[in-house]
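Have a look at the structure below before the remarks.
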Ligand SMILES: CC(C)(COP(=O)(O)OP(=O)(O)OC[C@H]1O[C@@H](n2cnc3c(N)ncnc32)[C@H](O)[C@@H]1OP(=O)(O)O)[C@@H](O)C(=O)NCCC(=O)NCCS
């Protein structure tokens with residue numbers, strides 16, 4: 001099966017969103033609206049990637065950093081194209097780019113019940129970070145409540 005890799009641009013949004021919607025283990029929320037993905041891509045130029053087979057997006061990952069840590073979000077490969085090395089190559093390209101930009105560590109967020117995803121990451125040497133929990137606050141609600 002032929003596929004090619006390239007940078008993810010906002011022109012890919014519909015195809016990438018379709019892939020994410022059809023992929024178990026990927027949860028979409030307000031941060032995944034077109035304008036928010038456009039903003040993410042603007043802040044992190046040329047780091048996110050897609051795999052394209054024919055006219056279809058068959059793999060995608062968002063990649064960015066905050067100057068300190070790298071982050072990968074929403075790694076997904078279409079069921080029809082799994083176990084062909086697409087996920088591995090998407091991740092490897094992102095990590096190489098992050099390293100070139102001076103980023104020494106990369107984080108991912110994984111749903112606790114995503115056994116397939118966890119097995120993939122562990123297979124590639126990723127380890128759970130002991131002693132840390134993710135905490136979060138909605139800034140939408142905070143902004144509404146502050147009256148500013
Ligand atoms: C996880 C996922 C991205 C893997 O994509 P993929 O293209 O099928 O993976 P690859 O073909 O690149 O696999 C590369 C290597 O990982 C291994 N691998 C792939 N899936 C694996 C799994 N579920 N468990 C263990 N190892 C796995 C392959 O055997 C291969 O090993 P090798 O390099 O030693 O030969 C894909 O299964 C997927 O989209 N899952 C649903 C979404 C998800 O869970 N995303 C991660 C959460 S953010």
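Taken together, the values in this text are just the output of simple stated rules run on the coordinates, not laboratory data. Note that the coordinates shown come from a computational prediction; the quantities given were computed from them, not determined experimentally. Cβ atoms come from the backbone with ideal geometry, glycine included; neighbour counts cover every protein chain shown.
Data for the structure
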quantity: Contact order normalised by residue count of the chain, Cα under 8 Å, 6+ apart, percent; calculated: 21
quantity: Order by protection proxy (mean Cβ within 10 Å, highest first), peptides 104-114, 63-73, 30-40; calculated: 63-73, 30-40, 104-114
quantity: Column: log10 I(q)/I(0), Debye, Cα scatterers of the chain, q = 0.11, 0.18, 0.20 Å⁻¹; calculated: -0.44, -1.17, -1.41
quantity: GNM result for the chain, Cα springs below 10 Å: residue of 26, 116, 58 fluctuating most strongly; calculated: 116
quantity: Degrees separating the helix 86-100 axis from the principal Cα axis of the chain, which is the longest one; calculated: 60
quantity: With Cα atoms, 0 to 90° folded angle of helix 34-43 axis to the chain main axis; calculated: 90
quantity: Spacing of the two label points (7 Å from each Cα toward its C-beta) at residue 18 and residue 33, in nm; calculated: 2.3
